[in-house]
Amino acid sequence: MNRKQKIAQCFSPAAFIHDTEENHQAIEKLIQEQEIGGLTFFHSRHSAAANFEKRAEVLEVTGTFEKMIGLINRYQTISKVPLLISIDGEYGLAMRVEKTPQYPFAITLGALKNDAETQIKEVGYRMGFDMKRSGIHLNLAPCADVNTNPNNPVIGYRSFGNQAKNVAKLSFAAYTGMKKAGIGACLKHFPGHGDTEVDSHLGLPILNKTKAELQTEELFPFQYGIDRGVEMIMVGHLAVPALTGGKDIPASISRELITDLLKGEMGFKGLVISDALNMKAVANLFPEPGDLEWEAFLAGNDILCFSDHVKEGIEKIAQNSSDAEVHAVFEKVMDLKKRLEVLETRPIDVPTFDWERHSKLQKDLAENYISVISGEIKPKELQALAEGGKLGYQEFFTSGKSHFAQKLEIPFASVEQAEKVILTVFVPSHKPLNQFGMEQTVLDEIKELAKSKPCFLIHFGNPLALKHLGNPSDFEAVICGYQGFEEVQELVAKLFFEC
């Protein structure tokens, strides 16, 4: 290969499953003319994490999984060197592709009470198995961010928790499970995105901590993984002045941070992949197409993800880099392709999923993470109330997600007539924007109910949203289900009535 062909192997631009035929052909042109090394699949331009424009076109979004498989086969067929296909699937294919198995969020898995590492390794394996059968070679997960800032707008539910040592063990367990399934995985977002208050999709977060503080918290999970042979790390778009000579430069384009700290001081020998290069934290800094890609390459990134300027990026890197630099990165990428069996790629058929087996795993996990946060549940007392027509029930924010009442099969009294009331809250969003999607008037109603009579609060959703539902002591008991899965609702129902 010549220099430009070798450089092109570093590029993994975005491919959208639901897109216009014109855009699909543009990807084919990139593959044929620029000879890119890979593609990162997203559901659609509308739903891509880094899409900020309100798009006018309306796309047909049914059959996502089948369309993705078709596109992977289509694009692989025309590529001279088989493409490294990646996806950002932190909780499985379902993060990007509907009607595929969804696994619990990292924050949920972080609440597992027993054998957490073993169970998370199994989750990672199942995710990876789903992906490998679907033509995907690399999952851009898990997060190794320590979520010490509860107001973090972009990490939150994606982190295994706020304790560095626990996050280190659990993120490595997830990584190990994916590797066992035969796909690649990466720890992200180096040097640690957990204690930030700015969404790097929209602006540049700045983390003002000393190097010593960073080593005991943010950097700890990454060092833990490096010491155990992690092969890939994604670098985030956040500034850490203590690590870059006082400069507010994004980590993803900082040579001090990637080459000197990560590869040098911390001893990382694997591949470094950039976070999406179209994110505002870095994209706005380089109006000249190709400059950002060159800066990311110069900093020490081996794979450039979601570049909007592939052709210009290849040209700028070719102009400014040495043959030795290009060859070293090319060899790393090709070695990864060999390890992940990318070069042996064959057309794939649409696989089927074992939903019964998946449901069994969901139940096993839920039994381990469902928690009574405060108070006490007395099933016999509640059964007597129900039989006497004195137990009330009310749902909030359900939008078709509720199976809880059906699982109980008991006649509930109206809230007004009831002596005690079960309140189920299905948190609309797992992200903290606008109180996790919960309207203030409804939150006020819940708090008033809790003060008017004894209430049991069942919280199906991100536990970080609990703070908006009032003081736990105002409820007779608070139960956190973490997810709205039907299996979770069934198990919570058994907590109340041992049915």
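The values are calculated or read from the model by the stated rules, or taken from the named source; none is laboratory data. None of the values given here were measured: they were computed from a predicted structure. When we count neighbours, we look across all protein chains shown, and the Cβ atoms used for this are built from the backbone with ideal geometry, even at glycine.
Considering only helices (runs of 4 or more DSSP H) fully contained in segment 361-465, which possess at least 3 residues that are within 16 Å of residue 497 (Cβ to Cβ), touching a residue at least 24 places away in the same chain (Cβ under 8 Å) and within 34 Å of the chain's Cα centre (by Cα)? Show your work before the answer.
On the way: elements: 379-387, 404-408, 433-436, 440-452.
Qualifying helices (runs of 4 or more DSSP H): 404-408.
Restricting to segment 336-363, name every residue that is acidic (Asp, Glu) and farther than 25 Å from residue 27 by Cβ. Even if it seems obvious, please write down each step before you answer.
Looking only at segment 336-363, we keep the residues that are acidic (Asp, Glu), and these are 341, 344, 349, 354, 356.
Scanning segment 336-363 gives 354, 356.
Does at least one position in segment 469-488 carry a residue that is on the phi > 0 side of the Ramachandran plot and within 30 Å of the chain's Cα centre (by Cα)? Scanning segment 469-488, I find at least one residue that is on the phi > 0 side of the Ramachandran plot and within 30 Å of the chain's Cα centre (by Cα), so the answer is yes. Segment 87-206 holds helices (runs of 4 or more DSSP H) entirely within its bounds, and those carrying 1 or more residues that are over 16 Å from the mean Cα position of the chain (by Cα) and farther than 28 Å from residue 72 by Cα map to 116-132, 164-180. Only a single item in (1) over 26 Å from the mean Cα position of the chain (by Cα); (2) under 23 Å from residue 140 (Cβ atoms) is not met by residue 211, and it is number (2). Among the residues of segment 89-125, those that are within 16 Å of residue 42 (Cα to Cα) and either among the aromatic types (Phe, Trp, Tyr) or touching a Lys or Arg at 6+ places or on another chain (Cβ under 7 Å) (or both) comprise 89, 90, 91.
Among the conditions (1) of a type in the set (Ser, Thr, Tyr); (2) modelled with pLDDT of 95 or more; (3) closer than 24 Å to residue 109 by Cβ, the only one that residue 148 does not satisfy is (2).
Name every residue in segment 88-102 that is out of contact with any Asp or Glu (no Cβ under 8 Å at 6 or more places or on another chain) and hydroxyl-bearing (Ser, Thr, Tyr), in order of residue number. Lay out the reasoning, then the answer.
Let us first name the residues in segment 88-102 that are out of contact with any Asp or Glu (no Cβ under 8 Å at 6 or more places or on another chain), namely 88-91, 94, 97-99, 102.
Once the filter is applied, which keeps residues that are out of contact with any Asp or Glu (no Cβ under 8 Å at 6 or more places or on another chain) and hydroxyl-bearing (Ser, Thr, Tyr), segment 88-102 yields only 91.
Report, by residue number, each residue of segment 384-411 that is surrounded by 14 or more Cβ atoms within 10 Å (Cβ to Cβ) and at pLDDT 90 or above.
Going residue by residue through segment 384-411, those that are surrounded by 14 or more Cβ atoms within 10 Å (Cβ to Cβ) are 385-386, 389-398, 401-405, 407-408, 410.
Hits for segment 384-411 are 385, 386, 389, 390, 391, 392, 393, 394, 395, 396, 397.
I'm trying to understand the selection: among the residues of segment 409-454, which are of a type in the set (S, T, N, Q) and farther than 15 Å from residue 476 by Cβ?
If we filter segment 409-454 for residues that are of a type in the set (S, T, N, Q), which is where we start, we get 414, 417, 424, 429, 434-435, 440-441, 452.
Across segment 409-454, the qualifying residues are 414, 417, 429, 434, 435, 440, 441.
Scan segment 84-101 and tell me whether some residue there is assigned by TED's automatic domain parsing to the domain that holds residue 159, among the hydroxyl-bearing types (Ser, Thr, Tyr), under 25 Å from residue 37 (Cβ atoms) and in contact (Cβ under 8 Å) with a residue 24 or more places away in the chain. Yes.
Selection over segment 332-360 of residues that are modelled with pLDDT of 95 or more, touching a strand residue (DSSP E or B) at 6+ places or on another chain (Cβ under 9 Å) and part of a loop (DSSP other than H, G, I, E, B) gives a count of 1.
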